[in-house]
Amino acid sequence: MKLGLNFGQDFLAHADNTALAQEAERLGLTSCWAGEAYGADAVSVLGHLAAHTTRIGIGSAILQVPARTPAMTGMTAASLDLLSGGRFRLGLGSSGPQVSEGWHGVRFGKPLGRTREYTDIIRRVLRRERVEVAGAHYTLPLPHGPGLPLKLIVHPIRERVPLYLAATGPKALELAGEIADGWLALFYSADQADHALRHIAAGRGAAGRGMDSFDVVATVPVAVHEDVEKAADMVRGYVALYVGGMGSREKNFYNEIAVRAGFEKAAHEIQDRYLSGDRPGAHRAVPFDLVDRTSLIGDEERMAARMKEFAEAGVTTLALKLMDESAPLEARIGTLRTAVRAWEKSGVAE
């Protein structure tokens, strides 16, 4: 199992995060990820990281499908791969209906069909084919107008940039297995892994491929403290944000993950409190077991044991999300180094 570092949407929160990424590279982590919602865009952050690192892979977790045309995303992937010397990994996600329709003005309906066409166009762009598509969601060129079937005029380092999908439900997981090179997972737990991996394997089988070449990237919160309860407290706000606030009562993918994991009552309480404005109550409602199953909390030895469980449950890249984000750089580097020592102790380091 490899290690990565995931800044999520928070890279710009600290000017010294560049130094943290450089330390991750020095420590031997293989990937560094950045995402977007409706704050900083991931492309600018990844371009910055490409310029300030030399070896570590840079990946989007995620670029939002409704935010860009597929051809634009293909151009972006080619550009970032060229600028980074072949280090870019393209992670995509449909986002949720609140962001898709409220921020980007794109209807959320049929996200699986849209994603399938979207990735197909990206693959064509990177192969430098003339793009002609007559799909349910995208038509290129537009008919009865001056548009021409065009091809990319720059030459990418790779015609197949590794492509990852963020997915939660069974059909989305099967699609990731079928058309992608990897899966971006949140709230991954060893006791729920078989359910997800079965669907991914079904998609791989439908495409005539096995799991050997598929990268399961699980982002895990990391909180180091000798008191495991205090470490869990450092993660509860993060869990409450996703389970309670990343979506509506009608559609919240992360709330659904918590329900499937057996925390239905807690998931509903977290959401009720969060959406009613009771953030402290939402934090308190997050069960210790939910945090513990999906995070690295406690001391080095405890983290090493959990890392081994993640590896045995199919994770091939563990992307660390540091929970002491407001701490000075030295403290965050200390957390990162502790996680690396735990990884080395775990017996699963690659």
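The values are calculated or read from the model by the stated rules, or taken from the named source; none is laboratory data. For clarity, every value in this text was computed on a predicted model and none was experimentally measured. Note that we place each Cβ from the backbone using ideal geometry, even for glycine, and neighbour counts take in every protein chain shown.
No other residue among Ala185, Ala172, Ala176 is touching a Gly at 6+ places or on another chain (Cβ under 7 Å), surrounded by 14 or more Cβ atoms within 10 Å (Cβ to Cβ) and not in a loop (DSSP other than H, G, I, E, B) apart from Ala176. Here Met75 meets the list (1) buried (at least 17 other Cβ atoms within 10 Å of the Cβ); (2) within 26 Å of Val125 (Cβ to Cβ); (3) touching a helix residue (DSSP H, G or I) at 6+ places or on another chain (Cβ under 6 Å) almost entirely, failing just condition (3).
Take the conditions (1) more than 21 Å from Tyr38 (Cα to Cα); (2) touching a residue at least 40 places away in the same chain (Cβ under 8 Å); Pro143 misses just one of them, which is (2).
Assessment of segment 3-16 against the conditions (more than 16 Å from the chain's Cα centre (by Cα) and buried (at least 18 other Cβ atoms within 10 Å of the Cβ)) yields no matching residue.
Can we say Leu152 is farther than 28 Å from Lys321 by Cα, surrounded by 14 or more Cβ atoms within 10 Å (Cβ to Cβ) and either hydrophobic (A, V, I, L, M, F, W, C) or free of Cβ contacts under 8 Å to residues at least 24 places away in the same chain (or both)? Let's see the steps before the verdict.
On the way: farther than 28 Å from Lys321 by Cα: yes; surrounded by 14 or more Cβ atoms within 10 Å (Cβ to Cβ): yes; either hydrophobic (A, V, I, L, M, F, W, C) or free of Cβ contacts under 8 Å to residues at least 24 places away in the same chain (or both): yes.
Judged against the criteria, Leu152 is a match.
Among the residues of segment 155-166, what is the count of those that are surrounded by 11 or more Cβ atoms within 10 Å (Cβ to Cβ) and modelled with pLDDT under 95? Break it down stepwise before answering.
Step one: filter segment 155-166 for residues surrounded by 11 or more Cβ atoms within 10 Å (Cβ to Cβ), giving 156-159, 161-166.
This time we only want the ones that are modelled with pLDDT under 95, so: 156-159.
So the count comes out to 4.
Among helices (runs of 4 or more DSSP H) lying entirely in segment 9-97, which contain 1 or more residues that are under 22 Å from Glu159 (Cβ atoms) and either in the same structural domain as Phe253 (by TED's automatic domain parsing) or at pLDDT 95 or above (or both)? Spell out how you get there, then give the answer.
Values: elements: 17-26, 42-52, 70-83.
Correct list: 42-52, 70-83.
Can you tell me which residues in segment 226-248 are assigned to a helix (DSSP H, G or I), surrounded by fewer than 22 Cβ atoms within 10 Å (Cβ to Cβ) and in contact (Cβ under 8 Å) with a residue 60 or more places away in the chain? Val228, Met234, Tyr238 - these are the residues of segment 226-248 that are assigned to a helix (DSSP H, G or I), surrounded by fewer than 22 Cβ atoms within 10 Å (Cβ to Cβ) and in contact (Cβ under 8 Å) with a residue 60 or more places away in the chain.
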